1. Tell me whether the range 101-108 contains one or more residues that are touching a Ser or Thr at 6+ places or on another chain (Cβ under 9 Å) and surrounded by fewer than 17 Cβ atoms within 10 Å (Cβ to Cβ).
2. Six or more apart or on different chains, Cβ atoms under 6 Å: show the pairs whose first residue is in the range 111-137 and charged (D, E, K, R) and whose second is surrounded by 14 or more Cβ atoms within 10 Å (Cβ to Cβ) and modelled with pLDDT of 95 or more.
3. Looking at Thr81, Thr56, Thr17, Thr41, which is the one that is modelled with pLDDT of 95 or more and touching a Gly at 6+ places or on another chain (Cβ under 9 Å)?
4. Can you find a residue that is on the phi > 0 side of the Ramachandran plot, surrounded by 11 or more Cβ atoms within 10 Å (Cβ to Cβ) and part of a loop (DSSP other than H, G, I, E, B) anywhere in the range 156-164?
5. I need a count of the residues in the range 81-92 that are open to solvent by 30 Å² or more (accessible area, probe 1.4 Å) and within 11 Å of ligand 1 (Cβ to nearest atom).
6. Scanning for something in a loop (DSSP other than H, G, I, E, B), on the phi > 0 side of the Ramachandran plot and either more than 14 Å from ligand 1 (Cβ to nearest atom) or among the hydroxyl-bearing types (Ser, Thr, Tyr) (or both), does the range 52-74 turn up at least one residue?
7. Restricting to the range 60-88, what's the tally of residues that are within 13 Å of ligand 2 (Cβ to nearest atom) and under 12 Å from the mean Cα position of the chain (by Cα)?
8. Could you check how many residues of the range 156-200 are touching a residue at least 60 places away in the same chain (Cβ under 8 Å) and over 20 Å from Glu108 (Cα atoms)?
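The values are calculated or read from the model by the stated rules, or taken from the named source; none is laboratory data. Bear in mind the structure is a predicted one, so any value in this text is a computation, not a measurement. Using ideal geometry, Cβ is built from the backbone for each residue, glycine included, and neighbour counts are taken over all protein chains shown. Surface accessibility is based on the protein's heavy atoms, side chains included, excluding ligands, DNA and RNA. Shrake-Rupley method; radii C 1.70, N 1.55, O 1.52, S 1.80 Å.
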Amino acid sequence: MSENVEKYIKRKVYKSTSSRIAQKFVDAGLEKIRACINCGTCTGSCPSGHRTAFRTRSAIRRALTGDESVLSDIDIWLCSTCYYCYERCPRDIPVTDMIIKLRNIAVEEGYILDTHFTLAKDIFYATGHGVPATGENNKKWRDLRKSYGLPPLPPTVHSYPEAVKECQELMDAVGFKKLLDNAEKLKKERANAKKKDKEE
Ligand code: SF4
Ligand code: SF4
């Protein structure tokens with residue numbers, strides 16, 4: 001992007017916004033979201049949107065205008081982070097980073113998908129591994145590794161189980177566990193409120 005265009009965008013971007021979600025983007029240094037002209041190039045470029053209901057432009061627009069329902073919309077998890085939209089956006093908006101930020105906000109506010117939560121807490125945090133190969137259920141992975149002439153367990157925490165605690169200490173230090181605990185709490189509170197509403 002030329003320096004002139006960069007200056008123009010900066011001149012047009014305001015530091016405060018009435019959208020709580022857009023404000024979070026601005027606070028995180030992603031104020032370029034305000035420069036979106038709603039042209040739809042991102043949507044037209046999105047390989048995920050070609051096969052699903054996910055519409056990139058719409059997700060950005062909803063974040064910009066403060067439509068909170070975007071946080072609980074399962075569609076934001078359909079982006080494959082291929083960066084095609086970012087390459088093609090005429091306003092040089094880091095669209096992929098925006099989608100990732102949207103997901104971060106969603107998780108912070110308890111809109112984490114059950115499968116992601118299980119993977120993050122019960123598997124990744126508990127075992128220090130995203131794809132565990134231990135346990136009887138995962139024998140097929142060990143057999144597959146052996147068939148390629150590899151040791152049945154990779155040289156990670158699987159081979160050094162004493163390192164799991166260190167992994168957990170690292171995850172605690174960066175606030176990963178706290179983030180998950182908070183998301184779980186908010187998720188439960190929301191589910192209870194919904195149940196109560198139905199009963200009334
Ligand atoms: S391509 Fe860029 S400017 Fe166009 S709608 Fe998408 S984010 Fe906005
Ligand atoms: S990065 Fe995500 S939103 Fe952008 S084109 Fe790829 S799948 Fe679509």
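1. Scanning the range 101-108 turns up no residue that is touching a Ser or Thr at 6+ places or on another chain (Cβ under 9 Å) and surrounded by fewer than 17 Cβ atoms within 10 Å (Cβ to Cβ).
2. Lys121/Leu180
3. On inspection, the qualifying residue turns out to be Thr56.
4. No, the range 156-164 contains no residue that is on the phi > 0 side of the Ramachandran plot, surrounded by 11 or more Cβ atoms within 10 Å (Cβ to Cβ) and part of a loop (DSSP other than H, G, I, E, B).
5. Result for the range 81-92: 7.
6. Here is the first cut: in the range 52-74, the ones in a loop (DSSP other than H, G, I, E, B) are 52-55, 66-67, 73.
The next check asks that each one be on the phi > 0 side of the Ramachandran plot; those that pass are 66.
Checking which are either more than 14 Å from ligand 1 (Cβ to nearest atom) or among the hydroxyl-bearing types (Ser, Thr, Tyr) (or both) leaves us with 66.
Among the residues of the range 52-74, at least one is in a loop (DSSP other than H, G, I, E, B), on the phi > 0 side of the Ramachandran plot and either more than 14 Å from ligand 1 (Cβ to nearest atom) or among the hydroxyl-bearing types (Ser, Thr, Tyr) (or both), which makes the answer yes.
7. Selection size over the range 60-88: 7.
8. Final tally of qualifying residues: 0.
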